[in-house]
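Quick notes on the structure that follows.
Readers should treat all values here as calculations from the given coordinates under stated rules, not as data from a laboratory. None of the values given here were measured: they were computed from a predicted structure. Every residue, glycine among them, receives a Cβ derived from its backbone with ideal geometry; neighbour counts consider all protein chains shown.
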Amino acid sequence: MKAEILSLLRNSGEYISGQEICERFGVSRTAVWKAVKQLKEEGYQIDAVQNKGYRMTDSSDVLNEEELKSRMKTKWAGQNVKYFDRTGSTNIDAKKFAAAGVPHGTLVVADNQENGRGRRGRSWQSPAGSNVYFTIVLRPVFEPDKASMLTLVMALSVTEAIENDCGIRAEIKWPNDIVINKKKICGILTEMEISLESNDIQFVVIGVGINTNQTEFPEEMKEMAGSLLSEGGKKISRAGIIAKVMECFEKNYEVFAEKKDLSLMMEAYNAALVNKDRQVRVLDPKGEYTGTAKGINEKGELLVQKKDGKIEEVYAGEVSVRGLYSYV
């Protein structure tokens, strides 16, 4: 019931009588009073005025299961929430939950990760109280070779959520980094489990880390890392941005599932691509080369035009793409 009361108070902005809350949820005044008391103890600022009722004055940046559930406006993405104050890795947790049978769309969220990971096993800084760390469990019904494109689906969803929820222009550094003002504010890690018997996908987990309200960064990262607060100038509700990402991802995932490729999202993705029509350096184990990024194709590969005019289709895998003189 706390999640329902939270949603009611947040969306109203005005005083709501205890009697109205009782009638809406079919509970006693005592139950309402206890729920509001618990919410206050968790950090919510709620005015209680005799003969007027309750009004939320500030939700601050509370992050917990009830706050997340109270903000979800989706059909399946994030409807089942597993929240931790502290964990090793939301991706590892999500894989355990997936193996145990949790439903499609289950969302694992943590305030702090002790062993956050990025691509190729790189560590991801995960301090408590300021950023967003979550992983969604998916149970796709398509071939395993399509799963890598889900990273790009999530990247587009995060940029859309940031722009819709925060009013900040976000861009994508292919394939899975989100940047604002050329500073990385988000990384995405997709992992898949395949059945050895049938070679079908058992589940996919997509982990997302968004620097949200962080203001200080390690010395070695200051030039390339930023946050929604540092680049946008205002503090962001972490639960709010998670809920908005879920909305955007649910919409984009369903579009992707129609054709099982990115043909219906190419235009939007390319419009957000920070390297589009710029020179890039492709760090391929087979040999480094430079060219001009022309956007992605329907398979999510980056099209890079070399000096001789030849178009290379770059698959994410072990290849990195960077700007000629900087991270982007």
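Observations
- Pairs spanning more than 30 Å between alpha-carbon atoms, out of 173/251; 2/173; 146/306; 2/244; 234/260; 146/173: 2/173; 234/260.
- For segment 2-58: span of alpha carbons on each principal axis (Å, largest first): 25, 20, 19
- Cβ crowding within 10 Å ranks 311, 162 as 311, 162, fewest other Cβ atoms first.
- Counting Lys and Arg as +1 and Asp and Glu as -1 over every other residue whose Cβ lies under 11 Å from the Cβ of residue 204, the net charge comes to +1.
- Two-decimal ratio, the chain, of alpha-carbon radius of gyration to 2.2 N^0.38 Å: 1.08
- Counting 0.36 nm for each residue step from residue 33 to residue 57 and taking away their Cα separation leaves a gain of 6.9 nm.
- Look at the dipole of the chain built from charges on Cβ: of 297, 45, 268, the Cα furthest out on the positive end belongs to 45.
- For the chain, built as a Gaussian network whose Cα springs stay under 10 Å, the top-fluctuating residue of 69, 37, 95: 37
- Under 12 Å, Cβ to Cβ, from residue 232 - net charge with Lys/Arg +1 and Asp/Glu -1: +1
- Summarising the amide proton neighbourhood of residue 328: residues at separation of 5 or more, or on other chains, whose placed amide H is nearer than 5 Å comprise 323.
- Under the span-like rule (Cα at least 20 Å along the axis, Kyte-Doolittle mean at least 0.0), DSSP H helices of the chain: 149-166
- Dipole magnitude of segment 65-271, debye to nearest 20 (Cβ charges: Lys/Arg +1, Asp/Glu -1, about Cα centre): 240 debye
- Note on residue 307: aspartates and glutamates with a C-alpha under 19 Å away, same-chain residues under 8 apart excluded, are 277, 284, 288.
- Just so you know, the Rg over Rh for segment 272-313 is 0.94, from Cα atoms, with Rh as the Kirkwood radius.
- As a size descriptor, the averaged projected area of the C-alpha convex hull of segment 100-258 was calculated at 9.6 nm².
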